[in-house]
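All remarks here apply to the structure that follows.
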Amino acid sequence: MTLSRRAFLTRSALIGCSLAASPVVTPVTFAAAPGDNRLVVIILRGAMDGLAMAQPVGDADWRAVRPGPVPGEAGGPVDLDGRFALHPAMAGLMPLWRAREMSVVHAVSTPYRDKRSHFDGQDLLEAGVADLASGARRDGWLNRLLQHYPGSGTHTAWAIGADPLAVLGGAAPVTRWAPEADLALSPQAIRLAEMVMQDDPAFAAAMARAFRIADGDGDALAAALSPEDMGRMMAEDMAAARGPGETRLAAFVAQQLQGPARIAAFSINGWDTHAAQDKPLSRALGRLSDAIVALKDGLGADVWGRTAVVAMTEFGRTVRINGTGGTDHGTGGAMLLAGGALHGGRVVTDWPGLDEASLYDRRDLMPTRDLRAHAAWLMRGLFGLDVATLERDVFPGLDLGADPGLLL
Amino acid sequence: MPPFDPLLADIRFGCGLSPLIPPPADAEALLATLNGPDLAAQRFAIEPFDTFRQRIVLFNEQGRIRRANRGTDREMAAKKAMQVMNRQARRAQMTWLGQTLARRGMTAAPLRERLAGFWADHFTTSGKAALMRRAVSPYVEEAIRPHLSGRFEDLLIAAVTHPVMVIYLDQRGSAGPHSPRGKKGKGGLNENLAREIMELHTLGVGGPYTQTDVRELAELLTGLTFRPTVGRLFRKDMAEPGRETVLGRSYGGRAPGLDDIQAVLRDLARHPATARHLARKLAVHFVSDTPDPGLVGAIEAAFLDSGTDLRAGYAAMLGHPAAWSPVPGNVKPPFDFIASALRALAMSPEAYVALKEKAFRQHIQYPLRLMGHIWEKPVGPDGLPEADSAWISPQGLAARLQWSVSVPQILAGALPDPRDFVDTALGARATPAVQFAARAAESRADGVGLILASPAFQRT
C-alpha cells in the first residue's frame, strides 16, 4: 500500500522542520542577481512532438499527414490564430493566450542534424554550440549567461535536482538542490546533525543551507519517522520524481523567483513517444501546461509581469505517424513561451510547409530558424546582454539575425 | 621507518574500516595486496565485455528479423525478444553495480578496488543507445581491471581502443578523407577520441599539443572501429593513407594497422607531460584537492623513471610523508561513501545485490543519483569531479544524511549499537561531537546514520 507523503507527515505528529519539498522530475536552477526580470527555462527531454502541441491546421497538407479531429470537432485542438491550434490537453493555457502571455515558436531546432540521438541532441541543446565534435565545450549556455550577469556571485546561483542539467554547468557557481531529496528527522536528530557537522566548516555550511532551503519551501515540518516509513517515503519521492509533480515544483520555483533568484531551469521528461502516442503525449503536454499555470499562480501578477518562460526540446519528431501510432525522432520542432513579459498571443514562425518536398529529408519538419536565436533575443531583452556577447560567448558562432520581437 | 598509519591506509587508500578485515601492517603490505589473484573479482563476478558482446549480436539479429518481417507475427516476436534482452541487460547492470559495491565491502585488497574506480573514471565511457548503455562495467572488467598495476601504456591502449570507448567518443565511423570509404563519401574524420586521448587520458588539458596534433592523431586512429560479431576491429578501407606527425614524431606510411596506433599511444603514455598529469591526478584523488607539490613530484619522477610503471607510481605516493598527513583529506565521492558505509556495517552482500530491481533502485541507485553520481551515465568524458565542493552541496549532504539514517536499517534489519559503531567506523577519527551523537540519538538508526553522515566518516 502506498501512503501519500502528506499522510506520513500527518500520521507522525509533526513539529519543526524537514527537508520535505515538492517531488519533481528533474533539476531546477536559480540564479539570484540584480535586475528585475526573470527567465525560466524548461528542458523537455525526449524530443517533444511540436506538431502535436501546436498543430498547423491551416496547412493544406496537415490532414493528410496527421488525420485526426480539427478545431471544433470532439477531441480536437483549440484554435489559436486560424493557422495553428493548440493540443486539447493544453487548453488550460488559453487564458494566457488570450491575455497575450503565451506564444509558440514553430519550425525551429538546434544546429543538430541527421543522427537524431537524444544523447547528442540534448548535449548540443544545453551546450548551445553548433557542433560538439569541433570543440571541447563542456559548459552550458545558461551558465555562460551567468558569467555575464553583473553581481551574480557565489551564493546567487542555484541548481536544483538530481539530474546534471548541463545547461547550467560551467564556471559560474550553481548550488544544486533536489526538491525530491526528501528527509524527515526527529527534532533531536536535527539538533545532533547540526552539532556533528560543526566539526567541519564546509559540512556545517552545507547542512545549514540544506535545512534553510527546506524550511523555506512552505512545507516546514519535522517528523519522527521509522526508517521503514522513511524508506517508503523515499520510494514515493522517487516515483514522484519520475512522474507528475510539476505543479508542486513550479510552486517551489515561483517562491524562489519571488526572492533573489532571477533564473530557473528544470526538466520535464516523457516526450519520446514512439508508439501509441495519444495518451502519453496528452499526459506530458498536460503536465507542461499545469507547470506553467502553477508558475503564474505562484509568482503573482507583479513578478509574472516580469517573467518569461521558455520550454525547448532537443529536436522534433517525424511529420507522419509511424506504424505503431507514434512518431520517431525528427528535426524541426516547436518552443513554447509564456510569461507576462511577453508580447504574446502569436505563433512566431517562418513556416516551411508540410508537402513532402518541403520536409527535411522528406520526413521531418524543416527547421527555418535556429532556436538559439530566440533564446538569445530573450536574454537580450530580459537582461540587456549585447549582441556581440551573445554571439561570441553565450552562443558561440550564432548569428542572432533579426529581432523576432518576443518581448513587450 | 617509512611513514604509515593503518587507519589512513584503510580510510584514505582503501574502502574504509571494516570490522571483519584488519588494515595492512605497513605500506609494503598495502602494496602487496595488489599481487596475486583477483579474489574479489572471482567472488563477485562481472561479465567481461567479450561475453557481453554476444548479447549485442543476438539483439541485432532480432532487429534484422524484425525489419525483414514488418507487419507479421515474426516482427512482433522479434520485438518482444528485444524487449526481454533490454530488460535482462538493465537488470544485469544493476547486479554489476551491486557486485562492485560488494567487492568494496568485503575485499581484503581494498586498494585494488579504489584503483579500479580511479582508472575507470580516468577512462570514462558510456553507451549511447540500446544494450550498449549497460556495457560500462563489462568494459571496466575487461579493459581496466587487468591493467591496474602494470604499465600505464598497456592500460591506455586497452582502454582507448576498447569498443565501448570507440563508440562513446565517436571513433567508430571515423574514416580518413583519402581512405577508400572516405573517397566514396562514406563517413568523414571525427576528432573526438584523438582530442580526449591528449586532453584527458595522457598529456592533460594544458599539455604541449596543438590542433594540428589532434588532427594528425585523428587521422592515425582512422580504421580503429568495432563490429559486434568481431569485437575491436581495424578496417583498412577506413584508414587514412600516408604518414602522420604527432608531437613531432612521424607514424604510419606502411600498411595501415593497429601497430601505428599502439606506437603513438605508447609514446603519449611515456611523455613527461603525461607523467605530470597522472601524478597530479592521483594525488588529488587520493590525498587532497591541493596536494603537496613534493608528493606530486615524487609520483611523477617514479612514472618517468620506470617507463610508466603504475606500481612504481603508487609506491612513490605511499612512500611520501604528505600522503599520510593526519589532517582529514578529501570528501568521499558518493559511490565511495555508500561502499564504505556498507563495509563499516559489515553488510551482507546478499542484502543489497539480491534486492529486487525496484528496491535496488530505491535504496542504492537513486540515492547515489541524489548525491550527484548517476551510475554509468557520466556528464562528459572528463568523468566525476574531484573537488570536495562538488559533493558537499546542500543537496548532496541532505541526500547522504537521508540515506544514512534510513537505508542501513532497511537493508540490515538489525543495526549495531551506535556506541560501538562509532569505533568500528571511525576508530581514532571519532570526535567528541560524534561520540556524543552516538550516545544521545533516539534510535539505533539515527545514531548509526549520524555517524555515517559525520564529516569524520565522509572525509578520507
Original post:
Considering B:R104, B:R134, B:R151, which residue is under 16 Å from the mean Cα position of the chain (by Cα) and over 28 Å from A:H118 (Cα atoms)?
Top reply: B:R104
Original post:
Does B:Q171 meet the test of being within 12 Å of another protein chain (Cβ to nearest Cβ) and farther than 22 Å from B:G257 by Cβ?
Top reply: no
Original post:
Taking segment B:52-77 only, how many residues are surrounded by 12 or more Cβ atoms within 10 Å (Cβ to Cβ) and away from every other protein chain (no Cβ under 14 Å)?
Top reply: 15
Subject >> helices (runs of 4 or more DSSP H) contained in segment A:120-228 and holding at least 2 residues at pLDDT 65 or above, under 30 Å from B:L169 (Cβ atoms) and more than 7 Å from every other protein chain (Cβ to nearest Cβ) >> reply: A:141-146
Original post:
Going by the structure shown, is A:A334 surrounded by 19 or more Cβ atoms within 10 Å (Cβ to Cβ), under 21 Å from A:G259 (Cβ atoms), aliphatic (A, V, I, L, M) and in contact with a helix residue (DSSP H, G or I) (Cβ under 7 Å, 6 or more places away or on another chain)?
Top reply: no
Subject >> Selected residue [part of a helix (DSSP H, G or I), surrounded by fewer than 18 Cβ atoms within 10 Å (Cβ to Cβ), at negative phi and not basic (K, R)] from B:A414, B:A428, B:A438 >> reply: B:A428
Subject >> All positions within segment A:326-367 that are in contact with a strand residue (DSSP E or B) (Cβ under 8 Å, 6 or more places away or on another chain), part of a strand (DSSP E or B) and either aliphatic (A, V, I, L, M) or over 25 Å from A:L93 (Cβ atoms) (or both) >> reply: A:H329, A:A334, A:M335, A:L336, A:L337, A:A338, A:L342, A:V347, A:V348, A:D364
Original post:
Which of the residues belonging to segment B:357-388 are more than 9 Å from chain A (Cβ to nearest Cβ), among the charged types (D, E, K, R) and assigned to a helix (DSSP H, G or I)?
Top reply: B:E357
**OP:** Inspect all residues belonging to segment B:182-194 and state whether any of them is in contact (Cβ under 8 Å) with a residue 60 or more places away in the chain and either touching a helix residue (DSSP H, G or I) at 6+ places or on another chain (Cβ under 8 Å) or of a type in the set (S, T, N, Q) (or both).
**Re:** no
**OP:** Could you check how many residues of segment B:127-143 are part of a helix (DSSP H, G or I) and over 15 Å from B:W96 (Cα atoms)?
**Re:** 2
Subject >> Residue in segment B:389-443 that is nearest to B:G105 (Cα to Cα), counting only those that are more than 7 Å from chain A (Cβ to nearest Cβ) and acidic (D, E) >> reply: B:D423
**OP:** At least 1 residues that are of a type in the set (D, E, K, R) and in contact with an Asp or Glu (Cβ under 9 Å, 6 or more places away or on another chain) in each: list the helices (runs of 4 or more DSSP H) lying fully within segment B:13-126 that qualify.
**Re:** B:49-68, B:73-106, B:110-122
**OP:** Please go through segment B:154-186 and pick out each residue that is part of a loop (DSSP other than H, G, I, E, B) and either polar (S, T, N, Q) or within 14 Å of the chain's Cα centre (by Cα) (or both).
**Re:** B:T161, B:Q171, B:S174, B:S179
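One line per residue, one yes/no per condition, for (1) within 22 Å of B:G14 (Cβ to Cβ); (2) not acidic (D, E):
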{"residue": "B:L384", "(1), (2)": "yes, yes"}
{"residue": "B:S393", "(1), (2)": "no, yes"}
{"residue": "B:D417", "(1), (2)": "no, no"}
{"residue": "B:Q435", "(1), (2)": "no, yes"}
{"residue": "B:A438", "(1), (2)": "no, yes"}
{"residue": "B:V448", "(1), (2)": "yes, yes"}
{"residue": "B:A453", "(1), (2)": "yes, yes"}
{"residue": "B:A456", "(1), (2)": "yes, yes"}
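The values are calculated or read from the model by the stated rules, or taken from the named source; none is laboratory data. Worth saying up front: this structure is predicted, and the values here are computed from it rather than measured. Cβ sites come from the backbone with ideal geometry, for glycine too, and all protein chains shown count toward neighbours.
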